[in-house]
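These notes concern the structure reproduced below.
The values are calculated or read from the model by the stated rules, or taken from the named source; none is laboratory data. Treat the numbers as computed from the prediction; the structure is a model and nothing was measured. Cβ placement follows ideal geometry from the backbone for every residue including glycine, while neighbour counts extend to all protein chains displayed.
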Amino acid sequence: MKIRIKFKSCFSILLFLCFLVKAQAQANFKGVLSGKVLDEKSEPLPFANVTILDENKKIILGGISGENGEFKIENVPLKKLIIEVSYTNYNTFSKQIILDESNKKFNLGIVKLEVNTTVLAEVVVVGEKSSVSFKRDKKVFNVGKDILAQSNSALDILENIPSVSVDVSGQVSLRGNANVTILINGRQSGLTLNNALDQIPAINIESIEVITNPSASYQSTGSAGILNIILKKNKKEGINGQVSLRYGVPIDSRIGGSINYKAEKLNFFATVGNRYTDYLGRYTSSQASTTNANTNLNQVEKENRHDDGQLFYGGLDYSFNSKETFTLAYNINHTNDSDKSVINYDYFINNKLDNGLLRTGKSKENRSYNQVEMNYLRTFDKKDRKFTIDFQYDFWDSTKDWNILTEQVYPTIATSQQLRTNSKNGNKDFVLQTDYITPIKLKGKFETGLKGEHRTVNNKYLAETFETDQWLVYQGLDNDVDYKETIGAGYAQYGSEMGKFTYLLGLRDEYTSVKISDVNKVFTKDINYNGLFPTAHFGYNFSEKLGTQLSYSRRINRPSILDLNPFNEIKDFTYQYIGNPDLNPSYTDAYELSGNKNFEKVSINASVYYHRTTDFFQDYIAKTGENSFTVQVVNLDLEDRYGFETSINYSPIKRLSLYSSFNYYKFSQEGFYEDQNFDFSNQFWQIQFRAQVKLPKDFNIQGFFDYQGENKNAQTVTASLHYLNITLNKSLLSNKMTIGLNASNVLDSRVQKQVTTNESYILNRNSNRNAQRFYLTILYRFAEKQFKERTIKESNRN
C-alpha cells in the first residue's frame, strides 16, 4: 500500500539522519561532559538544565538530565568552561572545569541541588500555569490554576486539552474520533460512564495524558487512543488541601474539597464533593417524505434535567520500609436524577396542521458507583527496578423509572396513551494486574505484565402501557439480559537510548470472551477471540528544543453492552436508539510521525497520522414506520483516515499567553448494509483558540473558542459548530484564593444540527443540550507547611 511505503521511507530517512548525525559528531569529537543530578533527598531530578558557558559566561552548549537524573553532553570544546546545573525552585550549581587533549572526558559525578527556601513560599500559589510536556509515548497536559479557575469538572478540563473536544451531549472525542478510551489513574473506571466525568471535581485533577499511539503496557481498547486523567495524590508533605465553591445560572450549586496529610510513612488523601445542578435543553426536528411531498412532521422538545450528586474518594499510602508501599483507596459516587420533558408533535398534510400530539415525561434515576482499589509497590536496590500488584473491584447499580403521558391536542383533546418503563442495571468488575520493570545495562528498560478482568452486567427492562384498567407489556419489551466479559492480557516491551536516538518496542496479547443471554431467549451471543497488538516508538532529539518521533500501534474497539442490547429506553417514539446483537469488534492500525520545536517564546508541536480501521463502527438510521426512525451501530468494511494536527503556544509578553490547535483529516469509507452502499469520502477540520491576559491588581481574563467544521457520512450531514467560553478571575490572600466569573457557551451557539437524507425521506434534527451558563467560583488553597511539590507517582495501572 502507498501509505505504508511512504511511512517506511520516512522511517528509513529518519534512521539515516540519526546515524549521519552520530557519525558527524564522532568525526568532530572534542570533549564529553557527564554527571547525575539529585535533589536534597538523593532522588533523581529529571529534566534539569545543564548549561556550558565560556569564561565570559556566554552560552556554548546545553542539555537536560534524563528520567534517572543522568546527563551526557558531547562535542564540548576543549577549553576553560563554566558548568551550571539548574532546576526550578532549586539553587543553581556552578563549577569551573578545564578540558584539554589529556582530559577530554569530564564526569561531574553526583550533583546534588539544594532547595531555594526564599522561593518556596511562592511555589504553592504561583507557578500553577498550565503547560504541555512531551514524553516518549504521550503528551502530558499539566493542569494549572488558570484552567481550574474556569473549570468545575473533568469535562470542563477536557474541553481545554489540545486535540480533545466534548460535544453537546458530553461525548468526548480525540482528533474528531469518538472511539477514545478514558482512564482514571491508568485504569478503566465507572466514573467515565454515562457522563459521570461531570461528577469529578476539577480541583482533583493533576494532569491529563493524551496518548494517541499507546505503548504495549496500555490496554489496546480505543482506536483514537487514550485519555488518562491523573488525580491528585501524594503531593506535598504536611497538611494541605483546597476547597471549591460554585453557584451558577441556571442553578448550578457545587461544593468540593480535598485534603492530604503526608508524614514519614503515611500519606492520607481524601476528596468530597456535592452538586445540585439544573440543565435546560431544547431539541427540534422535522420529517418530510420525498415520496409523498404533502406530509411532514414538526417536533419540538423542551427538557429540564436536574441532578444531585455526592462523591467521596479517599485512601492511604503506607510505606512498610524504603522499598515497600501499600495503597488502599475507596471511591463512591452517588447521583439522583429527575428529568422532565415536553414534546410537541405537529403532523401536516398539504402544509396544513392535521393532527397534534403532546407527550409529557417524568423520570427518576438513582445511580450508585463504588470502587475499591489496592496496590502493592516493591522497589529494589537496583535503580528503577520495581514490581507492582494492582487489584480493583468496581460494583455499581442504577434504577430508572419513566412515566409518559401522550395526549391528542388537535383537532380534539383526548388522552391517548399512558406508558411507564422501568430499568435496573447491576455491574461487578474485577481486575488483577501485575507489572515488572527493570533496567537493562545503562540506558535500556524492560517491562512486562499480566492482566485479568472479569465483568458481569445485568440489565432488566420493562415497558408497560395502561389499557382496559390494567398495565400490559408494551411491544414485548419485558426482558432480563446477562452480559459476561472476560479479558486476559499479557505484554512485554523494551526501550533504550543510543545517543539522541530512542526506541520502544512492544507486543501485547489480549484474549476476549463475551457471553450474552436473555431470559426470553430473544437473542444470545457467545464469542471468543484473541488478538496480537504490536507497538513501536522511535524518537530522535536533534537538540534540547527540537525532537521528532515515529510510532505505530494496533488497537481494538470492542462493542459495549449498550451497543449490543436491543432493549433500550423509550422516550421519543419517532426516534429511538437500539442495540445491535450482531456487532463485531473493529481493529485499527495507527501510524504517526510527530515533532516538537521550542523557541524562546513559542513552542510548536505537529503530527501527521494515518489510521486504517476494518469493521469500523457507523451509526445507521433506519425508517421503521410512517414517522418513526431507529438508530443503531453497524459494522462497515473499511475506513482510511489521513490527518494533520498542529498546536502552538505563544507568549509574546509576560502578561499574555496564546494557544491554538488545528486538526484536519480526510477519510474514505467502504461497505454495504441492508443492500445500501455506504462508500463515502469527505474531510473534517477543527480549530481551537485560547488566550489568557494577566491584568493589573492580580486580575486575569481568559477566553476559549472552538470551531468544528461540517462533518458528513453516507447518510447524515452534521453542520459546523462553534462556541465561546470566557472567564474573569482575581487572586486574593497572597494568591491562595481565586474568585472567578465564568460564562459558558456565551453565544448560545452550541447547537448540533444534522440532516439525514434517503430516497424516501429528509430528517432534520437540532440539539441544544446545554444552553448558556453563567456562574461564580471560589477556590481556596491551604497548607500547614509549604514544601516543594513532589511529582505524583506514575501509575502502572493500564
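What about TYR345, is it in contact (Cβ under 8 Å) with a residue 60 or more places away in the chain, surrounded by 13 or more Cβ atoms within 10 Å (Cβ to Cβ), outside any loop (DSSP other than H, G, I, E, B) and touching a helix residue (DSSP H, G or I) at 6+ places or on another chain (Cβ under 7 Å)? The answer is no for TYR345. Only residues that are buried (at least 21 other Cβ atoms within 10 Å of the Cβ) and out of contact with any strand residue (DSSP E or B) (no Cβ under 6 Å at 6 or more places or on another chain) were counted in the stretch 263-277, giving 0. Are any of the residues in the stretch 433-449 over 30 Å from GLY69 (Cα atoms), in a strand (DSSP E or B) and among the charged types (D, E, K, R)? No - not one qualifying residue is present in the stretch 433-449.
Going through (1) without any contact (Cβ under 8 Å) to a residue 24 or more places away in the chain; (2) in a strand (DSSP E or B) one by one, LEU550 falls short only on (1). Within the stretch 667-695, the set of residues being outside any strand (DSSP E or B) and not hydrophobic (A, V, I, L, M, F, W, C) comprises GLY671, GLU674, ASP675, ASP679. When SER517, SER496 are checked against the criterion of being within 30 Å of VAL473 (Cβ to Cβ), hydroxyl-bearing (Ser, Thr, Tyr), part of a strand (DSSP E or B) and in contact with a strand residue (DSSP E or B) (Cβ under 6 Å, 6 or more places away or on another chain), SER517 stands alone in meeting it.
Evaluation of ALA463 against the conditions (1) crowded, with 18+ Cβ neighbours inside 10 Å; (2) among the aliphatic types (A, V, I, L, M); (3) under 31 Å from the mean Cα position of the chain (by Cα) shows that the sole unmet condition is (3). In this structure, does ASP615 turn out to be on the phi > 0 side of the Ramachandran plot and at pLDDT 90 or above? Yes, satisfied. So which residues in the stretch 521-551 are surrounded by fewer than 18 Cβ atoms within 10 Å (Cβ to Cβ) and touching a Pro at 6+ places or on another chain (Cβ under 8 Å), if there are any at all? Passing the criteria: VAL522, PHE523, LYS525, TYR529.
Yes or no: PHE391 more than 19 Å from TYR283 (Cβ to Cβ), among the aromatic types (Phe, Trp, Tyr) and in contact with a Lys or Arg (Cβ under 7 Å, 6 or more places away or on another chain)? It is false that PHE391 is more than 19 Å from TYR283 (Cβ to Cβ), among the aromatic types (Phe, Trp, Tyr) and in contact with a Lys or Arg (Cβ under 7 Å, 6 or more places away or on another chain).
Of all the residues in the stretch 574-609, those that are of a type in the set (A, V, I, L, M, F, W, C) and in contact with a Pro (Cβ under 8 Å, 6 or more places away or on another chain) number 2.
Among the residues of the stretch 289-303, those identified as surrounded by 15 or more Cβ atoms within 10 Å (Cβ to Cβ), under 30 Å from GLY248 (Cβ atoms) and not hydrophobic (A, V, I, L, M, F, W, C) are GLN299, GLU301, GLU303. Of the listed requirements (1) in contact (Cβ under 8 Å) with a residue 40 or more places away in the chain; (2) under 26 Å from the mean Cα position of the chain (by Cα); (3) buried (at least 18 other Cβ atoms within 10 Å of the Cβ), ILE778 misses just one: (3).
I need the full set of residues from the stretch 484-517 which are farther than 22 Å from PHE430 by Cα, touching a residue at least 40 places away in the same chain (Cβ under 8 Å) and of a type outside the set (A, V, I, L, M, F, W, C), in order please.
Matches in the stretch 484-517: GLN493, TYR494, GLY495, SER496, GLU497, GLY499, LYS500, THR502, GLY506.
Among residues of the stretch 648-660 that are more than 22 Å from VAL164 (Cβ to Cβ), those with a Cβ under 7 angstrom from a residue that is in a strand (DSSP E or B) and hydrophobic (A, V, I, L, M, F, W, C), sequence gap 6+ or separate chain, pair up as ARG655/VAL693; LEU656/VAL693. Among the conditions (1) touching a residue at least 40 places away in the same chain (Cβ under 8 Å); (2) under 30 Å from LYS697 (Cβ atoms), the only one that GLU674 does not satisfy is (2). For SER560, work out the one condition from (1) buried (at least 19 other Cβ atoms within 10 Å of the Cβ); (2) under 24 Å from ALA216 (Cβ atoms) it doesn't fulfil. Failed condition: (1).
Mind checking which residues of the stretch 556-601 are basic (Lys, Arg) and either out of contact with any strand residue (DSSP E or B) (no Cβ under 7 Å at 6 or more places or on another chain) or farther than 19 Å from PHE616 by Cα (or both)? So that I can check it myself, show each step before the final result.
The initial filter retains those residues of the stretch 556-601 that are basic (Lys, Arg), namely 558, 571, 597, 601.
Result: LYS571, LYS597, LYS601.
Determine whether PHE684 is closer than 15 Å to LEU658 by Cα and either at pLDDT below 95 or buried (at least 18 other Cβ atoms within 10 Å of the Cβ) (or both). Considered against the rule, which asks whether it is closer than 15 Å to LEU658 by Cα and either at pLDDT below 95 or buried (at least 18 other Cβ atoms within 10 Å of the Cβ) (or both), PHE684 comes out as no.
Output yes when any residue across the stretch 504-511 is loosely packed, with under 15 Cβ neighbours inside 10 Å, within 21 Å of ASN179 (Cα to Cα) and either touching a strand residue (DSSP E or B) at 6+ places or on another chain (Cβ under 7 Å) or at pLDDT below 85 (or both), and no when none is. Checking the stretch 504-511: at least one residue is loosely packed, with under 15 Cβ neighbours inside 10 Å, within 21 Å of ASN179 (Cα to Cα) and either touching a strand residue (DSSP E or B) at 6+ places or on another chain (Cβ under 7 Å) or at pLDDT below 85 (or both).
Here ARG690 does not fit the description of being within 20 Å of ALA714 (Cα to Cα) and surrounded by 17 or more Cβ atoms within 10 Å (Cβ to Cβ). Checking each residue in the stretch 63-80 for being of a type in the set (A, V, I, L, M, F, W, C) and in a loop (DSSP other than H, G, I, E, B) picks out only LEU78. Please determine whether any residue of the stretch 535-545 is farther than 23 Å from ILE437 by Cα, of a type in the set (D, E, K, R) and in contact (Cβ under 8 Å) with a residue 40 or more places away in the chain. Yes: one or more hits.
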